Amino acid sequence: MALAAERDVAGSAPGWALAVRELRHWLTNYRRTWRGTIYSGVLNPLLYLTAIGVGLGTLVNQHGSAKLGGISYLAFLAPGLLAATAMQTAVGESTYPVMAAVKWRRTYQAAAATPLRPADLFHGHLLFTTLRLLLNCATFLAVMAIFGAARSPWALAALPVAVLTGLAFAVPVEAWAIRVVKDTSFAMIFRFGMIPMFLFSGTFFPVSQLPGWAQPIAYATPLWHGVVLCRSLSLGTTTVGGALVHVGYLSALVAAGLAGGYRSYRRRLYV
């Protein structure tokens with residue numbers, strides 16, 4: 001504990017200043033892999049919007065769009081996929097990379113032996129995750145615009161909302177992932193968490209079409225809040241009250257994840 005206190009004093013730079021050093025580490029690694037992520041970042045929205053938004057959407061539109069609020073299926077689907085893309089990016093960046101840093105490559109242990117504190121490592125990776133979310137979501141939003149799926153200038157505001165949605169997943173998941181011993185736990189998150197939310201949180205169809213008992217569960221998911229807010233911004237139908245509720249819910253998850261992450265990072269790296 002005395003050693004931990006000494007490191008806290010040595011690393012008492014203001015705010016997130018030392019976290020930028022950890023961010024530079026992640027950016028150095030990313031310099032070697034960014035091409036693959038750019039390709040997937042462009043191809044994923046292109047394939048999803050073409051196959052489902054345009055292809056399947058043609059059949060949906062032929063049978064009427066009353067249950068979609070009188071809009072085309074493409075306009076309904078695209079902002080939902082934007083939020084879902086943020087979720088997928090966030091969970092991917094907050095699971096295996098964290099375990100690799102603490103267990104396989106042990107770069108976290110090496111960094112913890114320097115003036116960098118556990119909180120700086122936590123913040124640094126969150127900054128990197130935020131940059132990845134910005135890149136992927138901005139690319140998706142650009143493809144949306146090319147397809148004509150963004151119906152309002154307010155669609156630009158869907159970008160920070162999508163990033164916030166991603167952080168509502170990334171921060172709590174990373175706070176938990178630092179303490180995971182076996183990566184088999186991540187498969188449970190993907191299979192029983194991320195995939196059901198992707199399918200049943202309003203991305204592909206209104207939650208009102210679910211059975212009555214399942215609707216409250218869908219409404220409680222962070223993805224539903226992100227999907228609804230991104231969609232209302234894209235369509236220009238958002239209200240101040242509704243936006244505040246969704247942003248407040250997502251922000252509360254981020255705050256809870258930060259509080260938990262401070263404790264879990266410190267316990268894993270200082271004990």
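General remarks:
- Degrees between helix 240-270 axis and first principal axis of the chain (Cα, 0 to 90, nearest 10): 30 degrees
- Scanning the chain for trypsin sites (Lys or Arg not before Pro) in DSSP loops with at most 16 neighbouring Cβ atoms within 10 Å leaves 183-271 as the longest stretch between them.
- Only helices enter this figure: runs of n ≥ 4 DSSP H residues, each worth -39500 (n - 2.57), summed and divided by the residues of the chain, yield -21500 deg cm²/dmol at 222 nm to the nearest 500.
- Pairwise label distance in nanometres, residue 58 with residue 142, each label 7 Å out on the Cα-Cβ vector: 2.8 nm
- Separation in nanometres of the label points that stand 7 Å from Cα toward Cβ, at residue 105 and residue 255: 3.3 nm
- Extension reserve of the residue 39-residue 51 stretch, reckoned as 0.36 nm per residue once the Cα distance is removed: 2.6 nm
- Two-site label geometry, residue 113 and residue 131: point separation in nm, points 7 Å out along Cα→Cβ: 2.6 nm
- Most mobile listed residue (69, 193, 41) in the chain, GNM with C-alpha springs under 10 Å: 69
- Angle between the chain longest axis and helix 19-30 axis [Cα atoms, degrees, rounded to 10]: 70 degrees
Taken together, the values in this text are just the output of simple stated rules run on the coordinates, not laboratory data. This structure is a prediction, so every number in the text was calculated from the model and none was measured. Backbone-built Cβ (ideal geometry, glycine too); neighbour counts: all protein chains shown.
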